[in-house]
Amino acid sequence: MSDIEKVHCLIIGSGPAGYTAAIYASRANLKPVLYQGLQPGGQLTITTEVENYPGYPEGIMGPQMMIDFEKQAQRMGADIRWGMATKVDFSSRPYKVEIDEEKWIEADSVIIATGASAKWLGLPSEQRLNGHGVSACAVCDGFFFKGQEVAIVGAGDTACEEALYLSKLCSTVHMLVRRGEMRASKVMQDRVLSTPNIKVYWNSETLEVLGENKVDSIKILNNKTNEETIIPVKAFFVAIGHEPNSQLFKGLLDMDEAGYLITQPGSSKTNIEGVFACGDVQDKIYRQAVTAAGSGCMAALDAERYLGALEHAQMQAQPAQA
Ligand code: NDP
């Protein structure tokens, strides 16, 4: 650890949670340093239009929104940098974070906002038409397919929730379940199965998403009968789970079995004092830009209080000057 920089408040991650934490931490004079990670701007940089973030009456493109967040954080004084946290050491204060495997930062407080990544099927056609009818977020993109036929793949609570959401907007929702049963909770399954415009295809796998520049149908395979079917749809939603970007903190921070960081209810505090988590890395339920931003604000306020108390304790511990 030869090259060590000391910072008051280190933020890891650059989605709505990280940037909002940076805005609040800057205004509280914590002089935050934010490392953007592999995908600056996070998941919103791979979406198209965002219509449900308050304050943008005409809607805004996801990538532009993240540029706005970044600019606002910079204007408040946040030090925003390219770079990726590659190792952390939370065993003693100040906490140590390695950046890009070459430089160490010592931080009095750390805000983790590393987000989550949607899981994809891995089909080339899914990738090619991503943002052109293929989406991993029904709440974000369902509205663009009002009155049309759409498909969704997955059979967990998220897929059920999103299928129900889509059923209120779209004429028919074709739901593809790869086994003969769903993983989702019974109540969610019952709701899906009793919704007339959701058509469930059991034992069905997606072979291909079809369409030149936008989705126009999908080809599916019934893995019991080997029958292939083409279903005309305008959108294909993938809801097969998310992966929280928390691998770096395994064994150090408390997380649930899926890897989501556990924060104390009503706060952003992790099990290590002075280390806070916000956004999708600790939220498997809501996962919205606005909820991520709100939790980023909470993390900065929690960090401010923590650092204030730490400073006070250090001053008390100093011998009085003659
Ligand atoms: P889950 O991991 O629970 O479910 C993923 C689903 O996707 C499974 O049905 C799985 O099928 C299917 N799947 C995975 N890979 C593929 C593939 N390659 N092709 C086709 N299907 C595939 O993820 P969720 O996001 O649904 O939920 C995550 C957690 O969040 C859960 O604990 C859930 O209960 C919780 N949650 C709670 C909510 C609430 O309380 N309101 C709302 C949303 C989520 P298979 O079953 O065959 O493995």
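The values are calculated or read from the model by the stated rules, or taken from the named source; none is laboratory data. Since the structure is predicted, the reported quantities are computational estimates derived from the model, not experimental observations. Note that we place each Cβ from the backbone using ideal geometry, even for glycine, and neighbour counts take in every protein chain shown. Ligands, DNA and RNA are stripped out before the accessible areas are found, and what is left, the full protein with its side chains, is counted by its heavy atoms. Shrake-Rupley method; radii C 1.70, N 1.55, O 1.52, S 1.80 Å.
Residues are listed down the side, and each one gets a yes or a no for (1) touching a residue at least 12 places away in the same chain (Cβ under 8 Å); (2) open to solvent by 10 Å² or more (accessible area, probe 1.4 Å); (3) touching a helix residue (DSSP H, G or I) at 6+ places or on another chain (Cβ under 7 Å):
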{"site": "Asp254", "(1), (2), (3)": "yes, yes, no"}
{"site": "Asp280", "(1), (2), (3)": "yes, yes, yes"}
{"site": "Thr291", "(1), (2), (3)": "no, yes, no"}
{"site": "Gly296", "(1), (2), (3)": "yes, no, yes"}
{"site": "Ala317", "(1), (2), (3)": "no, yes, no"}
statement: Checked against (1) open to solvent by less than 50 Å² (accessible area, probe 1.4 Å); (2) of a type outside the set (A, V, I, L, M); (3) within 16 Å of the ligand (Cβ to nearest atom); (4) not in a helix (DSSP H, G or I), Tyr53 satisfies every condition except (3)
- prompt: Residues in region 228-245: is at least one over 27 Å from Leu129 (Cβ atoms) and away from the ligand (no atom under 16 Å from the Cβ)?
  reply: no
Tally, over region 174-223, of residues that are more than 14 Å from the ligand (Cβ to nearest atom) and either part of a loop (DSSP other than H, G, I, E, B) or within 25 Å of Gly131 (Cβ to Cβ) (or both): 14
task: List every residue pair whose Cβ atoms lie under 7 Å apart, where the two residues are 6 or more positions apart in sequence or sit on different chains, the first residue falls within region 300-314 and is farther than 15 Å from Val7 by Cα, and the second residue, located anywhere, is open to solvent by 30 Å² or more (accessible area, probe 1.4 Å) and at pLDDT 95 or above.
output: Leu301/Tyr24; Asp302/Lys269
task: Test Ala309 against the stated conditions and say whether it is in a helix (DSSP H, G or I) and either within 16 Å of the ligand (Cβ to nearest atom) or open to solvent by 30 Å² or more (accessible area, probe 1.4 Å) (or both).
output: yes
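A quick yes/no check of all residues on (1) surrounded by fewer than 20 Cβ atoms within 10 Å (Cβ to Cβ); (2) without any contact (Cβ under 8 Å) to a residue 12 or more places away in the chain:
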site: Ile99; (1), (2): no, no
site: Gly122; (1), (2): yes, yes
site: Phe143; (1), (2): yes, no
site: Thr158; (1), (2): no, no
site: Glu162; (1), (2): no, no
site: Ser167; (1), (2): no, no
site: Cys170; (1), (2): no, no
site: Ser185; (1), (2): yes, no
site: Gln189; (1), (2): yes, no
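Before we move on, is Lys284 open to solvent by 40 Å² or more (accessible area, probe 1.4 Å), within 14 Å of the ligand (Cβ to nearest atom), among the charged types (D, E, K, R) and in a loop (DSSP other than H, G, I, E, B)?
Numbers: open to solvent by 40 Å² or more (accessible area, probe 1.4 Å): yes; within 14 Å of the ligand (Cβ to nearest atom): yes; among the charged types (D, E, K, R): yes; in a loop (DSSP other than H, G, I, E, B): yes.
Here the answer is yes, as Lys284 does meet what is asked.
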- line: Filtering region 81-93 down to residues that are surrounded by 17 or more Cβ atoms within 10 Å (Cβ to Cβ) and either touching a Pro at 6+ places or on another chain (Cβ under 9 Å) or farther than 17 Å from Gln39 by Cα (or both) yields Val88, Phe90
task: Scan region 232-243 and give yes if some residue there is within 16 Å of Val153 (Cβ to Cβ), open to solvent by 50 Å² or more (accessible area, probe 1.4 Å), in contact with a helix residue (DSSP H, G or I) (Cβ under 9 Å, 6 or more places away or on another chain) and not in a strand (DSSP E or B), otherwise no.
output: yes
